[in-house]
1. If you take every residue apart from Ser111 with its C-beta less than 13 Å away from the C-beta of Ser111, what net charge results, scoring Lys and Arg +1 and Asp and Glu -1?
2. Rounded if a/c is under 1.5, else prolate if a/b is larger than b/c, else oblate: which is the range 144-231, with a ≥ b ≥ c the root eigenvalues of its Cα gyration tensor?
3. Which lysines does Lys209 reach when only Cα atoms under 28 Å apart count, and residues fewer than 8 places away in its own chain are ignored?
4. Under 23 Å Cα to Cα from Lys55, which lysines show up? Leave out anything in the same chain fewer than 8 places away.
5. Please give the peptides 156-164, 217-225 ranked by average Cβ packing (other Cβ atoms within 10 Å per residue), highest first, as a rough proxy for protection.
6. At 1.4 Å probe radius, can you tell me the per residue accessible area of the range 144-193 in Å²?
7. List the lysines whose Cα lies under 25 Å from the Cα of Lys20, skipping any in the same chain that are fewer than 8 positions away.
8. Sort Ser185, Ser154 from largest to smallest accessible area, using a 1.4 Å probe on the heavy atoms of the protein chains.
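The values are calculated or read from the model by the stated rules, or taken from the named source; none is laboratory data. Bear in mind that the values here come from a model prediction, so they are computed numbers and not experimental data. Here the Cβ positions follow ideal geometry from the backbone for every residue, glycine too, while neighbour counts run over all protein chains shown. We work out accessible area using only protein heavy atoms, side chains counted, and drop any ligands, DNA or RNA first. Shrake-Rupley method; radii C 1.70, N 1.55, O 1.52, S 1.80 Å.
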Amino acid sequence: MSDKDRISVFPSRMALAQMKIRLKGAQKGHSLLKKKADALTLRFRQILGKIIETKNLMGEAMKEATFSLAQANFAAGDFSQMVLQNVDKAQLKLRMKKENVAGVQLPIFESYTDGSDTYELTGLSRGGQQVSKCKEVFGKAVKLLIQLASLQTSFVTLDEVIKITNRRVNAIEHVIIPRIQRTLSYITTELDEREREEFFRLKKIQEKKKIIREKAEKEKKARLAAQSARGQEEVEPKSIFDADLDEDLLFQ
């Protein structure tokens, strides 16, 4: 295993605990990002269906608006210059708000009416009814256009966020988590090897101590045998580790 396949850490119990915590956090983050990606994909498909439906309605509305404009021009003549002269500010205005979808702020456009209608009292003469109908039909078309713009903006925003989220999910799943798991395997292997080395070292020490004790016992027996042969009294030096206990001293 190369150093690039794992995280460069010193193998220890603390490092093992830290890697386990990091692995748990990575798995939790992967689960949350996966749920986020699923929620965004679901909303993405809903918006796609609404876009297709709104585009169909938009085509019908623009066809009806164009036909209504032709009827108004036929009944009242060219009234575009008169409209431009009488209108000083827009009556239909646009405002934007945001909708939170799984932590993503989606822009939502809404239309609202501000001010009075300049052609509210358009008479029936000179095609006034056709002009009012043309205005109403174009107003519906504009509202559909605003709704379509809102859906298209949300669609593009979600598309970018879904791509970023999927890249993060894949990076955690195929890069970060396997790397942490390989690091855990490396640390566990090194710790097991150290335990085996320590066990072997202690075993060799015990064997060496046993040999030293046996050698000391043989020397002791040989010395005692030599003393007995010379007729000397068997006297052994006392050791400080003997079990005999001295009497306690009481100071008065």
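1. Values: positive: Lys93, Arg95, Lys97, Lys140, Lys143; negative: Glu110, Asp114.
Counting the neighbours of Ser111, the net charge comes to +3.
2. Note, shape of the range 144-231 comes out prolate.
3. Cross-link targets: Lys218, Lys220, Lys221, Lys238.
4. Lys63, Lys93, Lys97, Lys98, Lys133, Lys135, Lys140, Lys143
5. Taking the mean over residues of other Cβ atoms within 10 Å, the ranking is 156-164, 217-225.
6. 54 Å²
7. Filter leaves Lys4, Lys28, Lys34, Lys35, Lys36.
8. Of Ser185, Ser154, the descending order of accessible area is Ser185, Ser154.
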